Amino acid sequence: MHEDGFIGRIEWAVAGRALPGQQVSGDRGVVLDTGGGTVLFAVLDGLGHGAAAADAADRAARVLSENRAEPLDVLMVLCHRAMADTRGAAISLALFDEGDRVRWLGVGNVESQVLTAGPAGLTVHATVLLTAGIVGYRLPANLQPQSVAVRPGDLLLMSTDGIVTESAALIDLSKSTADITADILARHAKDTDDALVLAARHRGARGTAE
Ligand SMILES: [Mn+2]
């Protein structure tokens, strides 16, 4: 599964595939235009794999789509309630807003990080603070979204635990997010799990594909 596009000045791409031998993946990437140049990104990993994991992820994706204007902590609670009769999922949410900030919130093991290009090459600028839990089953008591400043060109990277964490230095920022996610999926997906990676960046004034 490969998808990519632009919303306003934000370029995004998702690449994923099911555990080899499975028909459906329990991992989902969600990209939602929330209006006014703001985009809500979510990566969902339904517990386990196969159809039951996919059902849990689909449920969360629907809740996010129907309530996209709500704050991140509210979205997490809405997903939790709607997923009570599913297996549950790990969920990371990231809201790219027009003020060049990413607000994000993660429950369970979906990694999100912002990579930035500096004099010493590409480095991890920030990593979302993940709280332990399973959305739909056990939500942490304290859901506190974090906020991180991003500059045009910085890369937001979100991935399920079916992806071996990429060393930032190996990513080529000159490539499109479609190529970056395809490369990561091809090189770093585990044979033992569904795998999905999402990348997004603000093209700023320098964007060519607006
Ligand atoms: Mn997984």
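Quick note: the coordinates plus some simple rules give every number you see, no bench work behind them. In this text, all values refer to a predicted model and were calculated from it rather than measured experimentally. As a convention, Cβ positions derive from the backbone with ideal geometry for all residues, glycine included, and neighbour counts pool all protein chains shown.
Points to keep in mind about this one:
- Long hydrophobic helices in the chain: the complete DSSP H runs spanning 18 Å or more by Cα along their own axis with mean Kyte-Doolittle hydropathy of at least -0.5 are 51-66.
- Rg(Cα) / (2.2 N^0.38 Å) computed for region 1-118, rounded to two decimals: 1.05
- Euclidean distance between Cα centres, region 101-161 to region 72-100, Å: 13
- Between R151 and V77, the simple label model (points 7 Å from Cα in the Cβ direction) yields a spacing of 3.8 nm.
- Label-point separation, S176 to N109 (7 Å along Cα→Cβ), nm: 3.3
- Residue-by-residue Karplus 3J(HN,Hα) for region 127-141, coefficients 6.51, -1.76, 1.60, Hz, glycine and proline x: 10, 5, 7, 8, 9, 5, x, 9, 5, x, 10, 8, 9, x, 5
- Under the simplified labelling scheme, the E3-R138 pair shows an inter-label distance of 3.1 nm, with each label point 7 Å from Cα along Cα→Cβ.
- Values of log10 I(q)/I(0), in the order q = 0.19 Å⁻¹, for the chain under a Debye, Cα-only, solvent-free model: -1.41
- Placing R0 at 22 angstrom, the Cβ-Cβ distance between T131 and R101 gives a FRET efficiency of 0.60 after rounding to 0.05.
- Residue-averaged 222 nm ellipticity for the chain, from DSSP H runs of 4+ at -39500 (n - 2.57), nearest 500: -6000 deg cm²/dmol
- Near D27, the amide H atoms lying under 5 Å from its own belong to G46; only residues 5 or more places off or on other chains count, and H is placed 1.01 Å from N.
- Charged-residue dipole, Cβ positions (Lys, Arg, Asp, Glu), region 1-101 about Cα centre, Debye nearest 20: 280
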